[in-house]
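S.K.: I have a structure here, written as structure tokens, and I will follow up with some questions on it.
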Amino acid sequence: MGVYEGFNLKPCPFCGNAEIILSITDCGDNGRDSADIAICGDCGAVGPWGNDEQHAVDLWNNRIVRSSHEHK
Ligand SMILES: [Zn+2]
């Protein structure tokens, strides 16, 4: 486990922890061999699944913005 400093991950919206990690998981769902997901190293909050590391990072960062004022 480690911090991915090469990616610009925003701090956790739930606990404020800035050490967000990326995990690559073999999921077998949706026809994919694997998927990436951002996980808070402190409270364990997880972001949406991404097709690759950068996608997972984008989803994590975007979710923080959306979740603050959207209901969808
Ligand atoms: Zn957290």
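The values are calculated or read from the model by the stated rules, or taken from the named source; none is laboratory data. From a predicted model like this one, the values you see are computed outputs, not experimental measurements. Glycine also receives a Cβ, built like all others from the backbone with ideal geometry; neighbour counts cover every protein chain displayed.
S.K.: Kindly indicate whether residue 37 is surrounded by 15 or more Cβ atoms within 10 Å (Cβ to Cβ), under 11 Å from the mean Cα position of the chain (by Cα), modelled with pLDDT of 85 or more and within 11 Å of the ligand (Cβ to nearest atom). Walk me through it before giving the result.
M.R.: Details: surrounded by 15 or more Cβ atoms within 10 Å (Cβ to Cβ): yes; under 11 Å from the mean Cα position of the chain (by Cα): yes; modelled with pLDDT of 85 or more: yes; within 11 Å of the ligand (Cβ to nearest atom): no.
So residue 37 fails the test.
S.K.: For segment 16-34: of the residues being farther than 13 Å from residue 52 by Cα and exposed (fewer than 12 other Cβ atoms within 10 Å of the Cβ), which is modelled with the highest pLDDT?
M.R.: Result: 16.
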